[in-house]
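Below is one structure, written out as structure tokens, with a few remarks after it.
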């Protein structure tokens, strides 16, 4: 059991952090803590290209260790989670019918939501798309030769114009990938993904030739809401709302995801390496709110119709319905009686 003094200190730190967050009333007993989000329009395929997306650097593409950033997940376990709201008519790529696994890299054929692909030079790559209204999560082979390319497609439909929380997990210890929707397990792969998928420490030179390096200067970014290379209409971009991106260097368990999928987490949460809440509301910079100190992301372009900021003040449906502040205090077993005792014993 945690010592009462330490517990009071932990709760006090949480209260101080929570007090700094915006809270918008959305109904009895609830609070909406997301004031802003982004709306993407699926125009990332161009022309002119390199628009309607976020670029998050995972490495500097220079030889040697030390150039990678905390969000360069993939060397082992990782979890990426976010909120999304979209419509099927705006994301018309077709899938395989749901609840299916294929030994290929076909995730990239859907409406791309998260792209950590590298076009030639390495097979350390992965990504997420929405196809047929369902989440597709794919990994490449890595450079060690031990894995197969693998794509899993869940069964839950997430393009019904309501907000959904999605988490994708890669557990390198058992080689399995998992998709969760709204805190519930959607699909689990066979044991196929063990290799290091982080960006190579040696870098991959941009040569424009698959025989000598990578084709485009975007391999060392995690790109949100677009196919990073602008390879053409065969690789469509995601169109819809996006909010509350979190990245972890751990394989979050089913119970951990169930406890926190609909609520804020503390910036110092173990394993949290990126927390992009998208609360800026304007401009072209999106910042990490975790203690990991991950780099700012580059929003392109942060204007109406192209990587557009939206506000809950205009319409509460514009932002993720993440759970209110009070609920977070009790997220780790801290009960109302504990809070009363803490209050009574604290000057």
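The values are calculated or read from the model by the stated rules, or taken from the named source; none is laboratory data. Just so you know, these numbers come straight off a predicted model, no measurement behind them. Please note: Cβ atoms are built from the backbone with ideal geometry, for glycine as well, and neighbour counts cover all protein chains shown.
Observations, loosely collected:
- Condition met for residue 115 (at pLDDT 95 or above, surrounded by 20 or more Cβ atoms within 10 Å (Cβ to Cβ) and in contact with a strand residue (DSSP E or B) (Cβ under 6 Å, 6 or more places away or on another chain)): yes
- Matching residues in the range 143-161 - criterion: being in a loop (DSSP other than H, G, I, E, B) and in contact with a helix residue (DSSP H, G or I) (Cβ under 6 Å, 6 or more places away or on another chain): 159
- Selection within the range 93-104 - farther than 20 Å from residue 171 by Cβ and free of Cβ contacts under 8 Å to residues at least 60 places away in the same chain: 94, 95, 96, 97, 98, 104
- Checking each residue in the range 142-177 for being more than 23 Å from residue 121 (Cβ to Cβ) and either without any contact (Cβ under 8 Å) to a residue 12 or more places away in the chain or surrounded by fewer than 21 Cβ atoms within 10 Å (Cβ to Cβ) (or both) picks out 155, 156, 157, 160, 161, 162, 164, 173, 174, 175, 176.
- Screening residue 55 with (1) under 21 Å from residue 288 (Cβ atoms); (2) assigned to a loop (DSSP other than H, G, I, E, B) gives one miss only, at (2).
- Residue list for the range 21-48, filter: at pLDDT below 85 and either out of contact with any helix residue (DSSP H, G or I) (no Cβ under 8 Å at 6 or more places or on another chain) or under 14 Å from residue 237 (Cβ atoms) (or both): 22, 25, 27, 28, 29, 30, 45, 46, 47, 48
- Condition check for residue 66: at positive phi, part of a loop (DSSP other than H, G, I, E, B) and free of Cβ contacts under 8 Å to residues at least 40 places away in the same chain: yes
- Subset of the range 83-105 [in a loop (DSSP other than H, G, I, E, B) and on the phi < 0 side of the Ramachandran plot]: 91, 92, 93, 94, 95, 96, 103, 104, 105
- Residue 318 fulfils the conditions (1) within 23 Å of residue 40 (Cβ to Cβ); (2) crowded, with 22+ Cβ neighbours inside 10 Å except for a single criterion, (2).
- Scan of the range 302-332 for residues that are at pLDDT below 80 and touching a helix residue (DSSP H, G or I) at 6+ places or on another chain (Cβ under 7 Å), ordered by number: 325, 328, 329, 331
- One residue alone among 108, 71, 130, 80 is closer than 28 Å to residue 292 by Cα and either outside any loop (DSSP other than H, G, I, E, B) or without any contact (Cβ under 8 Å) to a residue 40 or more places away in the chain (or both), and that residue is 80.
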